[in-house]
Amino acid sequence: MNASHPALIYVMAASAVALAGAVHDARTRRIPNKLTGPALLAGLLLHFAFDGWRGMGMAALAALVAFVVFLIFFLAGGMGAGDVKLMTAVACVAGNHFVIELLVTTAIAGGVMALGLALARGRVKQTLGNVAMLMSHHRHAGLQPHPELNVRNQQSLRLPYGLAIAAGCLFTLASTYVRG
């Protein structure tokens, strides 16, 4: 896709939302509804302004795709509801042309950050063992959260995932700009 003027606006606006969410998440470990709700609405209106009803519908579809993907991880106990809402809002603002790239770059950023956190805390071996345990658990229990290895366990390594969402957005913004 050519990085047209509206495309850059969409990704810059999505990055602004993601950065606001990341800062709040890093400081408080929460992502407020007062950010995600208005951002979702703004994304719909932004796409309507540039592309009419079709654009608004495609932005809603992007939000739905991101919501479903992140809902799976929420139901499995791997992230909080704020992460789901932030990614949903960011995808809506960015739009359907960027949703897959955002999901992939966010996942990569999250993995790199999680590995960095495990390295910094000297818990790489334990973390890799936990990943294997989680994979086995979910293979047998579906999306039911693991009783110990979940986002609510204060003893586990916890990453404010808003940071990964912001990193994914910034990478998408940079690649959109470079593709020009």
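The values are calculated or read from the model by the stated rules, or taken from the named source; none is laboratory data. Source: prediction; values computed, not measured. Cβ sites come from the backbone with ideal geometry, for glycine too, and all protein chains shown count toward neighbours.
Being of a type in the set (Gly, Ala, Ser), surrounded by 17 or more Cβ atoms within 10 Å (Cβ to Cβ) and in contact with a Ser or Thr (Cβ under 9 Å, 6 or more places away or on another chain) narrows it down to one of GLY95, GLY110, GLY82, so name that one.
Details: GLY95 fails: in contact with a Ser or Thr (Cβ under 9 Å, 6 or more places away or on another chain); GLY110 fails: in contact with a Ser or Thr (Cβ under 9 Å, 6 or more places away or on another chain).
It is GLY82.
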* **Test for VAL93: is it without any contact (Cβ under 8 Å) to a residue 12 or more places away in the chain and either in contact with an Asp or Glu (Cβ under 8 Å, 6 or more places away or on another chain) or of a type in the set (Val, Ile, Thr) (or both)** => no
* Asked: In segment 9-42, which residues are surrounded by fewer than 20 Cβ atoms within 10 Å (Cβ to Cβ) and either in a loop (DSSP other than H, G, I, E, B) or touching a Ser or Thr at 6+ places or on another chain (Cβ under 6 Å) (or both)?
  -> ARG29, ARG30, PRO32
* **Contacts under 9 angstrom Cβ, first residue in segment 1-25 being modelled with pLDDT under 95, partner in a helix (DSSP H, G or I) and acidic (Asp, Glu), 6 or more apart** => PRO6/ASP51
* Filtered residues of segment 74-93 (kept if closer than 15 Å to ALA20 by Cα and small (Gly, Ala, Ser)) -> GLY82, ALA89, ALA91
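Across segment 151-165, what is the total count of residues that are touching a helix residue (DSSP H, G or I) at 6+ places or on another chain (Cβ under 9 Å) and modelled with pLDDT under 90?
Filtering segment 151-165 for residues touching a helix residue (DSSP H, G or I) at 6+ places or on another chain (Cβ under 9 Å) gives 151, 156-165.
If we keep only those that are modelled with pLDDT under 90 too, we end up with 151, 156-158.
Number of matching residues: 4.
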